[in-house]
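Step one of this worksheet: look at the structure below.
A short reminder: the numbers here are calculations on the coordinates, not readings from a lab. Just so we're clear, the structure is a prediction, and the values are computed from it rather than from any experiment. Glycine gets a Cβ as well: all are built from the backbone with ideal geometry, and neighbour counts include every protein chain shown.
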């Protein structure tokens, strides 16, 4: 893990697929220990941004660094990043214990799988095949797998999508626990209350561009201005803090 400083830094980051611009000129800076939420509708560029930062796709233009290392250095960046996509990359035929031991083993690490799974509320499913896990259980196992190497940056794509309220709460609690240990967390969501519940700062993505960013309370205050841009924010409660959101240039 990194000792302070900026964990994520991008400058003019851009990704094109043919004539489609998925991410346009992204300038982003996320310091160590911050939980940063990417908020926007499906197709806004959130997942592509995450794939760029986790070296799964190459940028068309611009630069991105993780802990000071360019994302073009895939091997070095991989040691600093944990990634949980919307569908956790798990083997249904394995047990929870086997999956976690496998994830640690490919990184040359050992893990007390039973203790880790028990702490995550999966103690009764340590030796159960993953095919019998619920969606919430699979998400929790995926989080354990993504953090088995104590990464500096944890990237989560729609971590509460498809979960019931109880399972979603457990995932949010896990995010907060990881962040409390000093890990930087970058998560995506299309629901404002999810971003608000765990994020120190939120960036609003629209059509591949970062349109605004700031603390969740500031974005709530400007809910009406943002609704037309990315569907509707789903919470109607009124915030009392009326500070202006920081606008981000195109």
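Classify segment 84-150 as rounded, prolate or oblate from the Cα gyration tensor: take a ≥ b ≥ c as the square roots of its eigenvalues, call it rounded if a/c is under 1.5, otherwise prolate when a/b beats b/c and oblate if not. Rounded shape, in that the Cα axes give a/c under 1.5. With no solvent and one point on each alpha carbon, what is the Debye value of log10 I(q)/I(0) for the chain at q = 0.10, 0.14, 0.15 Å⁻¹? Scattering profile of the chain, log10 relative to I(0): -0.48, -0.93, -1.06.
Each label was represented as a point 7 Å from its Cα along the Cα-to-Cβ direction; for residue 58 and residue 109 these points are 2.9 nm apart.
The length gained by stretching the chain between residue 98 and residue 72 to full extension, at 0.36 nm per residue less their Cα-Cα distance, is 6.2 nm.
Could you state the angle between the C-alpha long axis of helix 165-180 and the longest principal axis of the C-alpha atoms of the chain, as a value from 0 to 90 degrees rounded to the nearest 10? With both axes taken from Cα atoms, the answer is about 90 degrees. Take the Cβ-Cβ distance between residue 79 and residue 19 as r, set R0 to 51 Å, and report the resulting FRET efficiency rounded to the nearest 0.05. Between residue 79 and residue 19 the formula returns 0.90.
Relative to the longest principal axis of the Cα atoms of the chain, helix 96-105 runs at roughly 80 degrees.
Gain on full extension, evaluated as 0.36 nm per residue between residue 166 and residue 134 minus their Cα-Cα distance, stands at 10.3 nm.
How much of the DSSP beta bridge set in segment 76-197 is antiparallel, as a percent to the nearest 5? Beta bridges within segment 76-197, antiparallel portion: roughly 10 percent.
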